[in-house]
Amino acid sequence: MKAPSSQETHYNQARASLQQALSWYSSFQRHGHYAPNETLQAAVRGELQTLKRALDKIEQNALCIAAFGLVSRGKSAVLNSLIGQNLLETGPLHGVTKYPRSVTWTPLGGKIKVELIDTPGLDEIEGQGRAQMAKEVAQQADLILFIVAGDITRTEYEALCELRQAQKPLILVFNKVDLYPECDRTAIYQQLQTLATTSQTPHSLQTLLSPDDIVMVAAQPAPIPLRIEWPDGQIQETLETPPPQIYPLQERILTLLNQEGRSLLALNALLQAQAAEQRLARKTIELRAQEAETLIWRYAKTKALVVALNPIALLDLLGGLWADLALIRALARLYGLPMTSYQAVALLSKILTSAGTLFLAELASTALFSLSKSSHFLNEGPAALTTYATTAALQGAIAGYGSYIIGKAAQDYLEKGCSWGALGASTVIQEILGQIDPKTIIYRLRDEISLA
(Lines give C-alpha, C1' and ligand atoms only; values in the text may rest on other atoms or scores of the structure.)
Protein backbone atom coordinates (compact mmCIF):
# COMPACT_ATOMS: atom_id res chain seq x y z
CA MET A 1 0.00 0.00 0.00
CA LYS A 2 1.30 3.44 -0.93
CA ALA A 3 2.26 5.58 2.08
CA PRO A 4 0.31 8.85 2.40
CA SER A 5 2.10 12.02 1.34
CA SER A 6 3.08 14.62 3.92
CA GLN A 7 0.24 16.82 2.68
CA GLU A 8 -2.26 14.02 3.22
CA THR A 9 -0.83 13.37 6.68
CA HIS A 10 -1.17 17.05 7.61
CA TYR A 11 -4.72 17.11 6.28
CA ASN A 12 -5.73 14.04 8.32
CA GLN A 13 -4.03 15.34 11.46
CA ALA A 14 -5.87 18.66 11.19
CA ARG A 15 -9.23 17.01 10.60
CA ALA A 16 -8.78 14.67 13.61
CA SER A 17 -7.72 17.60 15.81
CA LEU A 18 -10.71 19.74 14.82
CA GLN A 19 -13.13 16.85 15.25
CA GLN A 20 -11.80 16.22 18.74
CA ALA A 21 -11.95 19.89 19.75
CA LEU A 22 -15.47 20.38 18.45
CA SER A 23 -16.66 17.16 20.10
CA TRP A 24 -15.10 18.07 23.44
CA TYR A 25 -16.31 21.64 23.70
CA SER A 26 -19.77 20.93 22.29
CA SER A 27 -20.15 18.03 24.73
CA PHE A 28 -19.13 20.18 27.67
CA GLN A 29 -21.62 22.86 26.70
CA ARG A 30 -24.40 20.26 26.81
CA HIS A 31 -23.27 18.10 29.71
CA GLY A 32 -20.83 20.15 31.78
CA HIS A 33 -19.51 18.94 35.11
CA TYR A 34 -20.90 22.07 36.76
CA ALA A 35 -24.22 23.85 36.60
CA PRO A 36 -24.89 25.36 33.15
CA ASN A 37 -23.96 29.03 32.86
CA GLU A 38 -26.17 30.65 30.23
CA THR A 39 -23.97 33.75 30.06
CA LEU A 40 -20.94 31.54 29.43
CA GLN A 41 -22.73 29.46 26.81
CA ALA A 42 -23.73 32.62 24.95
CA ALA A 43 -20.20 34.04 25.20
CA VAL A 44 -18.49 31.01 23.68
CA ARG A 45 -21.10 30.22 21.02
CA GLY A 46 -19.18 32.23 18.43
CA GLU A 47 -15.97 30.32 19.17
CA LEU A 48 -17.77 27.00 18.73
CA GLN A 49 -19.05 28.23 15.38
CA THR A 50 -15.47 29.14 14.39
CA LEU A 51 -14.36 25.59 15.23
CA LYS A 52 -17.25 24.24 13.16
CA ARG A 53 -16.35 26.45 10.17
CA ALA A 54 -12.71 25.38 10.39
CA LEU A 55 -13.74 21.72 10.32
CA ASP A 56 -16.16 22.34 7.42
CA LYS A 57 -13.39 24.05 5.49
CA ILE A 58 -11.13 21.03 5.93
CA GLU A 59 -13.82 18.54 4.97
CA GLN A 60 -14.85 20.55 1.90
CA ASN A 61 -11.21 20.84 0.81
CA ALA A 62 -11.75 24.57 0.20
CA LEU A 63 -8.71 26.83 0.12
CA CYS A 64 -9.10 30.61 0.35
CA ILE A 65 -7.01 33.21 -1.53
CA ALA A 66 -7.56 36.90 -0.74
CA ALA A 67 -6.43 39.81 -2.92
CA PHE A 68 -5.35 43.07 -1.26
CA GLY A 69 -3.88 46.30 -2.55
CA LEU A 70 -4.43 50.02 -2.85
CA VAL A 71 -7.16 51.48 -5.00
CA SER A 72 -6.91 51.11 -8.81
CA ARG A 73 -4.22 48.45 -8.78
CA GLY A 74 -6.44 46.03 -10.70
CA LYS A 75 -7.32 43.51 -7.99
CA SER A 76 -10.68 42.59 -9.53
CA ALA A 77 -9.15 42.34 -13.00
CA VAL A 78 -6.44 39.98 -11.72
CA LEU A 79 -9.01 37.64 -10.16
CA ASN A 80 -11.22 37.76 -13.27
CA SER A 81 -8.23 36.81 -15.40
CA LEU A 82 -7.36 33.95 -13.07
CA ILE A 83 -10.78 32.33 -13.42
CA GLY A 84 -11.20 33.30 -17.08
CA GLN A 85 -14.52 35.07 -16.50
CA ASN A 86 -15.52 38.67 -15.79
CA LEU A 87 -17.46 37.92 -12.61
CA LEU A 88 -16.10 40.82 -10.58
CA GLU A 89 -16.95 44.36 -11.60
CA THR A 90 -14.11 46.50 -12.91
CA GLY A 91 -14.00 50.02 -14.30
CA PRO A 92 -11.96 53.17 -14.83
CA LEU A 93 -13.32 54.86 -11.70
CA HIS A 94 -11.56 54.51 -8.36
CA GLY A 95 -13.10 52.20 -5.80
CA VAL A 96 -15.39 50.00 -7.88
CA THR A 97 -15.17 47.29 -5.20
CA LYS A 98 -16.96 48.62 -2.11
CA TYR A 99 -16.88 45.51 0.10
CA PRO A 100 -15.26 42.06 0.05
CA ARG A 101 -16.68 39.72 -2.60
CA SER A 102 -15.81 36.12 -3.35
CA VAL A 103 -15.89 33.88 -6.40
CA THR A 104 -15.09 30.20 -6.81
CA TRP A 105 -12.20 28.88 -8.86
CA THR A 106 -11.65 25.15 -9.43
CA PRO A 107 -8.15 24.51 -10.81
CA LEU A 108 -6.25 21.21 -10.79
CA GLY A 109 -9.12 19.30 -12.36
CA GLY A 110 -11.39 19.84 -9.36
CA LYS A 111 -9.02 18.28 -6.80
CA ILE A 112 -9.24 21.37 -4.65
CA LYS A 113 -11.75 24.22 -4.58
CA VAL A 114 -10.43 27.76 -4.26
CA GLU A 115 -12.40 30.73 -2.95
CA LEU A 116 -11.02 34.00 -4.33
CA ILE A 117 -11.83 37.06 -2.20
CA ASP A 118 -11.71 40.54 -3.73
CA THR A 119 -11.33 43.45 -1.28
CA PRO A 120 -11.72 47.24 -1.46
CA GLY A 121 -8.60 49.38 -1.81
CA LEU A 122 -6.78 49.57 1.51
CA ASP A 123 -6.38 53.34 1.11
CA GLU A 124 -10.09 53.80 0.42
CA ILE A 125 -11.58 52.65 3.74
CA GLU A 126 -10.97 54.96 6.66
CA GLY A 127 -9.06 54.11 9.81
CA GLN A 128 -10.39 51.35 12.05
CA GLY A 129 -12.85 50.06 9.46
CA ARG A 130 -10.02 49.34 7.03
CA ALA A 131 -7.90 47.62 9.66
CA GLN A 132 -10.78 45.44 10.84
CA MET A 133 -11.81 44.45 7.30
CA ALA A 134 -8.24 43.53 6.38
CA LYS A 135 -7.77 41.57 9.61
CA GLU A 136 -10.97 39.56 9.19
CA VAL A 137 -10.33 38.68 5.54
CA ALA A 138 -6.65 37.88 6.16
CA GLN A 139 -7.63 35.52 8.98
CA GLN A 140 -9.88 33.60 6.58
CA ALA A 141 -7.24 33.43 3.86
CA ASP A 142 -4.79 30.59 3.33
CA LEU A 143 -2.81 32.68 0.84
CA ILE A 144 -2.65 36.44 0.27
CA LEU A 145 -2.12 38.14 -3.09
CA PHE A 146 -0.89 41.71 -2.75
CA ILE A 147 -1.46 43.64 -5.98
CA VAL A 148 0.79 46.55 -6.94
CA ALA A 149 1.25 48.51 -10.17
CA GLY A 150 4.36 50.60 -10.61
CA ASP A 151 6.80 51.64 -7.91
CA ILE A 152 5.89 50.38 -4.46
CA THR A 153 4.86 53.28 -2.24
CA ARG A 154 5.50 53.66 1.46
CA THR A 155 1.77 53.18 2.06
CA GLU A 156 1.84 49.89 0.16
CA TYR A 157 4.86 48.67 2.04
CA GLU A 158 3.26 49.47 5.40
CA ALA A 159 0.06 47.70 4.30
CA LEU A 160 2.16 44.67 3.34
CA CYS A 161 3.75 44.66 6.79
CA GLU A 162 0.36 44.84 8.48
CA LEU A 163 -0.89 41.90 6.43
CA ARG A 164 2.23 39.95 7.31
CA GLN A 165 1.05 39.90 10.92
CA ALA A 166 -1.69 37.51 9.80
CA GLN A 167 1.13 34.94 9.36
CA LYS A 168 -0.07 33.88 5.93
CA PRO A 169 1.98 33.18 2.79
CA LEU A 170 2.21 36.16 0.43
CA ILE A 171 2.57 36.50 -3.33
CA LEU A 172 3.38 39.98 -4.59
CA VAL A 173 1.61 40.52 -7.92
CA PHE A 174 3.02 43.27 -10.13
CA ASN A 175 0.05 44.14 -12.36
CA LYS A 176 -0.04 46.35 -15.46
CA VAL A 177 3.44 45.20 -16.35
CA ASP A 178 2.68 46.06 -19.98
CA LEU A 179 3.01 49.72 -18.98
CA TYR A 180 6.38 49.17 -17.30
CA PRO A 181 8.49 47.04 -19.65
CA GLU A 182 11.78 47.79 -17.86
CA CYS A 183 10.70 46.39 -14.50
CA ASP A 184 11.65 42.91 -13.47
CA ARG A 185 11.30 40.74 -10.39
CA THR A 186 14.86 41.29 -9.17
CA ALA A 187 14.47 45.07 -9.25
CA ILE A 188 11.19 44.89 -7.30
CA TYR A 189 12.73 42.54 -4.77
CA GLN A 190 15.70 44.89 -4.29
CA GLN A 191 13.27 47.77 -3.83
CA LEU A 192 11.48 45.79 -1.12
CA GLN A 193 14.77 45.14 0.63
CA THR A 194 15.61 48.84 0.53
CA LEU A 195 12.21 49.70 1.99
CA ALA A 196 12.69 47.05 4.66
CA THR A 197 16.01 48.51 5.81
CA THR A 198 14.78 52.12 5.87
CA SER A 199 11.24 51.57 7.17
CA GLN A 200 10.36 52.35 10.78
CA THR A 201 8.13 49.29 11.03
CA PRO A 202 9.65 46.21 12.77
CA HIS A 203 7.88 43.80 10.42
CA SER A 204 10.47 43.35 7.69
CA LEU A 205 9.47 41.48 4.55
CA GLN A 206 12.93 40.24 3.70
CA THR A 207 12.49 36.78 5.20
CA LEU A 208 8.91 36.35 3.97
CA LEU A 209 9.17 37.02 0.24
CA SER A 210 11.54 35.33 -2.16
CA PRO A 211 12.00 36.39 -5.81
CA ASP A 212 9.77 33.44 -6.82
CA ASP A 213 6.93 35.04 -4.86
CA ILE A 214 6.98 38.16 -7.05
CA VAL A 215 5.10 37.63 -10.30
CA MET A 216 4.52 39.94 -13.25
CA VAL A 217 1.08 40.12 -14.92
CA ALA A 218 -1.07 42.30 -17.10
CA ALA A 219 -4.59 41.32 -16.14
CA GLN A 220 -6.29 43.91 -18.35
CA PRO A 221 -3.69 45.15 -20.85
CA ALA A 222 -4.12 48.61 -22.26
CA PRO A 223 -5.37 48.68 -25.88
CA ILE A 224 -2.62 49.22 -28.43
CA PRO A 225 -3.05 51.26 -31.62
CA LEU A 226 -3.26 49.17 -34.78
CA ARG A 227 -2.75 50.58 -38.29
CA ILE A 228 -4.36 48.63 -41.13
CA GLU A 229 -3.54 49.31 -44.79
CA TRP A 230 -6.10 47.91 -47.25
CA PRO A 231 -5.25 46.89 -50.84
CA ASP A 232 -7.11 49.91 -52.19
CA GLY A 233 -4.73 52.17 -50.26
CA GLN A 234 -7.21 53.03 -47.53
CA ILE A 235 -5.63 53.27 -44.07
CA GLN A 236 -7.61 52.40 -40.96
CA GLU A 237 -6.49 53.05 -37.39
CA THR A 238 -8.07 51.12 -34.56
CA LEU A 239 -7.34 49.86 -31.08
CA GLU A 240 -6.77 46.23 -30.22
CA THR A 241 -6.81 44.81 -26.70
CA PRO A 242 -4.17 42.10 -26.15
CA PRO A 243 -5.14 38.99 -24.16
CA PRO A 244 -4.39 39.02 -20.41
CA GLN A 245 -0.87 38.05 -19.37
CA ILE A 246 -1.85 36.04 -16.30
CA TYR A 247 0.05 32.80 -16.82
CA PRO A 248 2.95 33.58 -14.38
CA LEU A 249 0.46 34.01 -11.51
CA GLN A 250 -1.56 30.95 -12.48
CA GLU A 251 1.62 28.89 -12.65
CA ARG A 252 2.86 30.11 -9.25
CA ILE A 253 -0.47 29.42 -7.55
CA LEU A 254 -0.89 26.00 -9.14
CA THR A 255 2.68 25.03 -8.23
CA LEU A 256 2.02 26.12 -4.66
CA LEU A 257 -1.27 24.20 -4.50
CA ASN A 258 0.41 21.09 -5.83
CA GLN A 259 3.35 21.25 -3.45
CA GLU A 260 1.69 22.43 -0.25
CA GLY A 261 -1.97 23.28 -0.84
CA ARG A 262 -3.42 20.74 1.62
CA SER A 263 -0.76 21.56 4.18
CA LEU A 264 -1.69 25.25 3.87
CA LEU A 265 -5.34 24.36 4.28
CA ALA A 266 -4.64 22.20 7.32
CA LEU A 267 -2.35 24.72 8.98
CA ASN A 268 -4.68 27.68 8.57
CA ALA A 269 -7.71 25.73 9.84
CA LEU A 270 -5.67 24.73 12.90
CA LEU A 271 -4.52 28.32 13.48
CA GLN A 272 -8.14 29.48 13.38
CA ALA A 273 -9.09 26.68 15.79
CA GLN A 274 -6.18 27.51 18.07
CA ALA A 275 -7.24 31.16 18.30
CA ALA A 276 -10.88 30.15 18.88
CA GLU A 277 -9.89 27.73 21.66
CA GLN A 278 -7.75 30.37 23.34
CA ARG A 279 -10.59 32.91 23.23
CA LEU A 280 -12.98 30.24 24.48
CA ALA A 281 -10.65 29.44 27.39
CA ARG A 282 -10.17 33.12 28.25
CA LYS A 283 -13.91 33.83 28.30
CA THR A 284 -14.59 30.69 30.31
CA ILE A 285 -11.96 31.56 32.90
CA GLU A 286 -13.29 35.12 33.20
CA LEU A 287 -16.91 34.02 33.65
CA ARG A 288 -16.04 31.18 36.04
CA ALA A 289 -13.73 33.39 38.12
CA GLN A 290 -15.79 33.35 41.32
CA GLU A 291 -16.40 29.60 41.17
CA ALA A 292 -12.71 29.02 40.53
CA GLU A 293 -11.68 31.17 43.50
CA THR A 294 -14.01 29.22 45.78
CA LEU A 295 -12.69 25.93 44.40
CA ILE A 296 -9.02 26.92 44.87
CA TRP A 297 -9.63 28.01 48.47
CA ARG A 298 -11.49 24.80 49.24
CA TYR A 299 -8.60 22.65 48.00
CA ALA A 300 -6.05 24.89 49.75
CA LYS A 301 -7.91 24.56 53.08
CA THR A 302 -8.32 20.82 52.61
CA LYS A 303 -4.63 20.37 51.85
CA ALA A 304 -3.65 22.51 54.83
CA LEU A 305 -5.89 20.50 57.16
CA VAL A 306 -4.78 17.10 55.85
CA VAL A 307 -1.09 17.98 56.01
CA ALA A 308 -1.46 19.50 59.49
CA LEU A 309 -3.27 16.49 60.94
CA ASN A 310 -1.21 13.77 59.27
CA PRO A 311 1.62 12.56 61.58
CA ILE A 312 3.56 10.58 58.93
CA ALA A 313 6.27 12.57 57.14
CA LEU A 314 6.22 10.75 53.79
CA LEU A 315 2.46 11.00 53.49
CA ASP A 316 2.66 14.78 53.85
CA LEU A 317 4.62 15.03 50.58
CA LEU A 318 2.56 12.45 48.73
CA GLY A 319 -0.75 13.80 50.02
CA GLY A 320 0.22 17.36 49.11
CA LEU A 321 1.11 16.39 45.53
CA TRP A 322 -2.12 14.40 45.21
CA ALA A 323 -4.14 17.39 46.42
CA ASP A 324 -2.45 19.72 43.91
CA LEU A 325 -3.10 17.30 41.04
CA ALA A 326 -6.73 16.99 42.12
CA LEU A 327 -7.02 20.79 42.16
CA ILE A 328 -5.69 21.06 38.60
CA ARG A 329 -8.12 18.40 37.38
CA ALA A 330 -11.01 20.11 39.19
CA LEU A 331 -10.18 23.48 37.60
CA ALA A 332 -10.03 21.87 34.16
CA ARG A 333 -13.47 20.29 34.74
CA LEU A 334 -14.85 23.61 35.92
CA TYR A 335 -13.65 25.32 32.76
CA GLY A 336 -14.56 22.44 30.49
CA LEU A 337 -11.00 22.25 29.16
CA PRO A 338 -9.40 18.94 28.14
CA MET A 339 -7.14 17.55 30.89
CA THR A 340 -5.94 13.96 31.31
CA SER A 341 -4.07 12.65 34.36
CA TYR A 342 -0.86 12.68 32.32
CA GLN A 343 -1.42 16.32 31.31
CA ALA A 344 -2.20 17.25 34.92
CA VAL A 345 1.15 15.80 36.04
CA ALA A 346 2.95 17.62 33.20
CA LEU A 347 1.20 20.89 34.10
CA LEU A 348 2.07 20.55 37.79
CA SER A 349 5.68 19.88 36.80
CA LYS A 350 5.73 23.06 34.70
CA ILE A 351 4.23 25.10 37.52
CA LEU A 352 6.70 23.77 40.07
CA THR A 353 9.60 24.42 37.70
CA SER A 354 8.53 27.96 36.86
CA ALA A 355 7.86 28.81 40.51
CA GLY A 356 11.39 27.68 41.37
CA THR A 357 12.53 28.72 44.84
CA LEU A 358 9.01 29.20 46.21
CA PHE A 359 8.10 25.54 45.87
CA LEU A 360 11.57 24.31 46.76
CA ALA A 361 11.12 26.21 50.01
CA GLU A 362 7.68 24.65 50.48
CA LEU A 363 9.01 21.14 49.88
CA ALA A 364 11.95 21.76 52.21
CA SER A 365 9.71 23.15 54.92
CA THR A 366 7.25 20.29 54.46
CA ALA A 367 10.03 17.74 54.90
CA LEU A 368 11.49 19.58 57.89
CA PHE A 369 8.18 20.14 59.62
CA SER A 370 7.05 16.60 58.86
CA LEU A 371 10.10 15.10 60.57
CA SER A 372 9.76 17.47 63.52
CA LYS A 373 6.03 16.83 63.76
CA SER A 374 6.50 13.05 63.61
CA SER A 375 9.14 13.06 66.34
CA HIS A 376 6.99 15.13 68.69
CA PHE A 377 3.95 12.98 67.90
CA LEU A 378 5.86 9.96 69.21
CA ASN A 379 6.83 11.74 72.42
CA GLU A 380 4.55 12.20 75.37
CA GLY A 381 3.74 15.15 77.55
CA PRO A 382 2.09 18.57 77.22
CA ALA A 383 5.22 20.22 75.84
CA ALA A 384 5.53 17.69 73.01
CA LEU A 385 1.85 18.04 72.19
CA THR A 386 2.09 21.84 72.10
CA THR A 387 5.14 21.71 69.84
CA TYR A 388 3.39 19.18 67.59
CA ALA A 389 0.31 21.42 67.28
CA THR A 390 2.41 24.52 66.53
CA THR A 391 4.53 22.70 63.95
CA ALA A 392 1.44 21.17 62.34
CA ALA A 393 -0.29 24.56 62.09
CA LEU A 394 2.74 26.19 60.47
CA GLN A 395 3.18 23.31 58.05
CA GLY A 396 -0.51 23.33 57.15
CA ALA A 397 -0.46 27.09 56.51
CA ILE A 398 2.56 26.77 54.19
CA ALA A 399 1.00 23.81 52.36
CA GLY A 400 -2.31 25.63 51.91
CA TYR A 401 -0.60 28.75 50.60
CA GLY A 402 1.41 26.65 48.17
CA SER A 403 -1.77 24.99 46.92
CA TYR A 404 -3.44 28.39 46.42
CA ILE A 405 -0.46 29.61 44.37
CA ILE A 406 -0.56 26.43 42.29
CA GLY A 407 -4.27 26.93 41.66
CA LYS A 408 -3.75 30.51 40.44
CA ALA A 409 -0.84 29.42 38.23
CA ALA A 410 -2.94 26.57 36.84
CA GLN A 411 -5.60 29.08 35.75
CA ASP A 412 -3.01 30.90 33.63
CA TYR A 413 -1.60 27.69 32.16
CA LEU A 414 -5.06 26.31 31.36
CA GLU A 415 -5.94 29.49 29.48
CA LYS A 416 -2.72 29.54 27.47
CA GLY A 417 -2.34 25.81 27.01
CA CYS A 418 -5.93 24.80 26.31
CA SER A 419 -5.08 23.70 22.79
CA TRP A 420 -2.20 21.42 23.81
CA GLY A 421 -2.55 17.65 24.12
CA ALA A 422 -2.19 14.58 21.92
CA LEU A 423 -4.41 16.03 19.17
CA GLY A 424 -4.59 19.63 20.36
CA ALA A 425 -4.42 22.33 17.69
CA SER A 426 -1.14 23.74 19.05
CA THR A 427 0.44 20.29 19.19
CA VAL A 428 -0.53 19.42 15.62
CA ILE A 429 0.61 22.84 14.35
CA GLN A 430 4.07 22.22 15.81
CA GLU A 431 4.16 18.72 14.33
CA ILE A 432 3.29 20.05 10.86
CA LEU A 433 5.86 22.86 11.08
CA GLY A 434 8.48 20.34 12.10
CA GLN A 435 7.83 18.28 8.97
CA ILE A 436 7.72 21.11 6.40
CA ASP A 437 10.17 21.03 3.50
CA PRO A 438 12.60 24.00 3.65
CA LYS A 439 11.78 24.81 0.02
CA THR A 440 8.11 25.57 0.73
CA ILE A 441 6.48 28.91 1.31
CA ILE A 442 5.17 27.71 4.70
CA TYR A 443 8.73 27.09 5.90
CA ARG A 444 9.50 30.81 5.84
CA LEU A 445 6.59 31.42 8.21
CA ARG A 446 7.61 28.65 10.60
CA ASP A 447 9.39 30.76 13.21
CA GLU A 448 6.65 33.38 13.36
CA ILE A 449 3.88 30.81 13.74
CA SER A 450 5.87 28.96 16.42
CA LEU A 451 6.22 32.13 18.46
CA ALA A 452 2.54 33.12 18.18
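The values are calculated or read from the model by the stated rules, or taken from the named source; none is laboratory data. What you see is a predicted model; the values in this text were computed from it and never measured. Note that we place each Cβ from the backbone using ideal geometry, even for glycine, and neighbour counts take in every protein chain shown. Heads up: the accessible areas ignore ligands, DNA and RNA and are worked out on the full protein's heavy atoms, side chains in. Shrake-Rupley method; radii C 1.70, N 1.55, O 1.52, S 1.80 Å.
With the checklist (1) modelled with pLDDT of 90 or more; (2) buried (at least 24 other Cβ atoms within 10 Å of the Cβ) in hand, flag the one item E251 doesn't pass.
(2)
Out of all the residues in the range 171-194, which are modelled with pLDDT under 70 and in contact with a helix residue (DSSP H, G or I) (Cβ under 8 Å, 6 or more places away or on another chain)?
The answer is C183, and nothing else.
Which of the residues spanning the range 241-268 are touching a helix residue (DSSP H, G or I) at 6+ places or on another chain (Cβ under 8 Å), outside any loop (DSSP other than H, G, I, E, B) and farther than 22 Å from I429 by Cβ?
Result: Q245, L249, Q250, R252, I253, L254, N258.
For a quick check of your reading of the model, give me the residue pairs whose first member lies in the range 77-101 and is in a helix (DSSP H, G or I), whose second is modelled with pLDDT under 80 and open to solvent by 50 Å² or more (accessible area, probe 1.4 Å), with beta-carbon atoms closer than 9 Å and at least 6 apart or on different chains.
A77/T90; L79/L87; N80/L87; N80/T90
Answer with yes or no whether E277 is in contact (Cβ under 8 Å) with a residue 24 or more places away in the chain, within 23 Å of Y25 (Cα to Cα) and over 29 Å from the mean Cα position of the chain (by Cα).
Details: in contact (Cβ under 8 Å) with a residue 24 or more places away in the chain: yes; within 23 Å of Y25 (Cα to Cα): yes; over 29 Å from the mean Cα position of the chain (by Cα): no.
In short, no.
What is the number of the single condition among (1) open to solvent by 10 Å² or more (accessible area, probe 1.4 Å); (2) at pLDDT 80 or above that I147 does not meet?
Condition (1) is where I147 drops out.
In the range 418-437, what count of residues is obtained for those that are open to solvent by 50 Å² or more (accessible area, probe 1.4 Å), at pLDDT 85 or above and more than 13 Å from the chain's Cα centre (by Cα)?
4
From the list P225, P242, which one is surrounded by fewer than 22 Cβ atoms within 10 Å (Cβ to Cβ) and in contact with a Pro (Cβ under 9 Å, 6 or more places away or on another chain)?
From the options P225, P242, the qualifying one is P242.
Return a yes/no flag: does the range 55-64 have any residue that is modelled with pLDDT under 90, farther than 21 Å from P221 by Cβ, in a helix (DSSP H, G or I) and open to solvent by 50 Å² or more (accessible area, probe 1.4 Å).
Looking for residues that are modelled with pLDDT under 90, farther than 21 Å from P221 by Cβ, in a helix (DSSP H, G or I) and open to solvent by 50 Å² or more (accessible area, probe 1.4 Å), one finds at least one in the range 55-64, hence yes.
Looking at the range 150-184, which of its residues are open to solvent by 20 Å² or more (accessible area, probe 1.4 Å) and either hydrophobic (A, V, I, L, M, F, W, C) or in contact with a Lys or Arg (Cβ under 9 Å, 6 or more places away or on another chain) (or both)?
E162, Q165, A166, K176, V177, L179, C183
Among A276, A281, A266, which is of a type in the set (G, A, S) and farther than 22 Å from L334 by Cβ?
A266
Consider L271 carefully, then state whether it is closer than 25 Å to A66 by Cα and in a helix (DSSP H, G or I).
yes
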